[in-house]
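**Student:** Starting off with a structure, shown below.
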Amino acid sequence: MYISEILAWSWTGHGALTTAAVSMAISQFVTLGKSFLEKRFAEIYKVWQGPPGKPSAQDCLQEIMAILPQVVQEEDIHPANIPVIGETLNPKGGQVRHFMRSSASVSSLEAYNMSKAYIIEHLTGAWSKYREAVYYQDKWYDVLTSSSSIFWEGNYELGKALHTIEDSYAPGHVTRKPGSGFIVQVNISGMTRIKSRTPRETGLAMRHSTIRTTKNLASSSRRRKKRVRL
Ligand SMILES: [Zn+2]
């Protein structure tokens, strides 16, 4: 099996979602008129790219956060996502970052709590790193750490949280109650489905998949209907 086959479901979706979300968030941020932060983001950008920098905080943020879609996508490349090997390596928590259950030995509630904790941990990490970058005083002689390198650490933390949040809206990963959107079931990763599925789980577990574009939502729902009829 090739990497592209494992990731084909999610790669483009994660990239498009993250690009749109980051762009919207930056646009909203600049409407807040936080002049101190805007000034700092422009300075951090200048530390990163060198003079002359850019006068617009929006442009600076767009560039310094442009790595995020890639960070979110690359969360799918890890040993626990390799069929058979992955579930052997980590039968309990291998799918936490994908908001899925690794196997039937993990309950929906356990999986929900683990993925929620993962999101909170990395959102907190991102906030902490971005804040540290804003207040960091760059020193010309410090070649190892700078406000921009700390900001980038924040990007990696945010990317981890965003990946799991995005996966939690994938019909193949999580079943949400129509209307309220509450999570009612965390599905089992398709990599273990064949071995562990029970009649109750038939139709719920699917291969790791994420894309929430209209096209893929429709095809996911078609696949689910097919399984239920079996
Ligand atoms: Zn994922």
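The values are calculated or read from the model by the stated rules, or taken from the named source; none is laboratory data. Quantities reported herein were computed from a predicted structural model and do not represent experimental measurements. Neighbour counts are summed over all protein chains in view; Cβ atoms, including those assigned to glycine, are modelled from backbone coordinates with ideal geometry.
**Student:** With the condition kept exactly as written, say whether any residue in region 34-56 is outside any helix (DSSP H, G or I), at pLDDT 95 or above and under 30 Å from VAL186 (Cβ atoms).
**Tutor:** no
**Student:** If I filter region 59-113 down to residues being in contact with a strand residue (DSSP E or B) (Cβ under 6 Å, 6 or more places away or on another chain) and outside any loop (DSSP other than H, G, I, E, B), which single residue comes out as farthest from the ligand (Cβ to nearest atom)?
**Tutor:** SER108
**Student:** Let me ask something else. How many residues are free of Cβ contacts under 8 Å to residues at least 60 places away in the same chain and either at positive phi or within 16 Å of the ligand (Cβ to nearest atom) (or both) if we restrict to region 171-183?
**Tutor:** First, pick out the residues of region 171-183 that are free of Cβ contacts under 8 Å to residues at least 60 places away in the same chain: 171, 175-182.
From the residues that got through so far, the ones that are either at positive phi or within 16 Å of the ligand (Cβ to nearest atom) (or both) too are 171, 179, 181.
Counting residues in region 171-183 that are free of Cβ contacts under 8 Å to residues at least 60 places away in the same chain and either at positive phi or within 16 Å of the ligand (Cβ to nearest atom) (or both) gives 3.
**Student:** So GLN58 ticks every box in (1) closer than 20 Å to ALA16 by Cβ; (2) free of Cβ contacts under 8 Å to residues at least 40 places away in the same chain but one. Which box is left unticked?
**Tutor:** Going through (1) closer than 20 Å to ALA16 by Cβ; (2) free of Cβ contacts under 8 Å to residues at least 40 places away in the same chain one by one, GLN58 breaks only (1).
**Student:** Could you go through region 121-133 and let me know if any residue there is of a type in the set (D, E, K, R) and assigned to a loop (DSSP other than H, G, I, E, B).
**Tutor:** Initial filter on region 121-133 (of a type in the set (D, E, K, R)): 121, 129, 131-132.
Now restrict to residues that are assigned to a loop (DSSP other than H, G, I, E, B): none.
Checked against the condition, which is being of a type in the set (D, E, K, R) and assigned to a loop (DSSP other than H, G, I, E, B), region 121-133 yields no hits at all.
**Student:** Next question. Take ILE211 and tell me if it is within 20 Å of VAL72 (Cβ to Cβ), among the hydrophobic types (A, V, I, L, M, F, W, C), surrounded by 12 or more Cβ atoms within 10 Å (Cβ to Cβ) and at pLDDT below 90.
**Tutor:** Values: within 20 Å of VAL72 (Cβ to Cβ): yes; among the hydrophobic types (A, V, I, L, M, F, W, C): yes; surrounded by 12 or more Cβ atoms within 10 Å (Cβ to Cβ): yes; at pLDDT below 90: yes.
So ILE211 passes the test.
**Student:** Out of SER27, SER23, SER56, which single residue is away from the ligand (no atom under 16 Å from the Cβ) and more than 25 Å from the chain's Cα centre (by Cα)? Walk me through it before giving the result.
**Tutor:** Working: SER27 fails: more than 25 Å from the chain's Cα centre (by Cα); SER23 fails: more than 25 Å from the chain's Cα centre (by Cα).
Sole residue among the options that is away from the ligand (no atom under 16 Å from the Cβ) and more than 25 Å from the chain's Cα centre (by Cα): SER56.
**Student:** Taking only pairs six or more apart or across chains, which ones have beta-carbon atoms under 9 Å, a first residue in region 150-170 that is within 10 Å of the ligand (Cβ to nearest atom), and a second residue that is assigned to a helix (DSSP H, G or I) and of a type in the set (Asp, Glu)?
**Tutor:** Cβ pairs passing all conditions: HIS163/GLU74.
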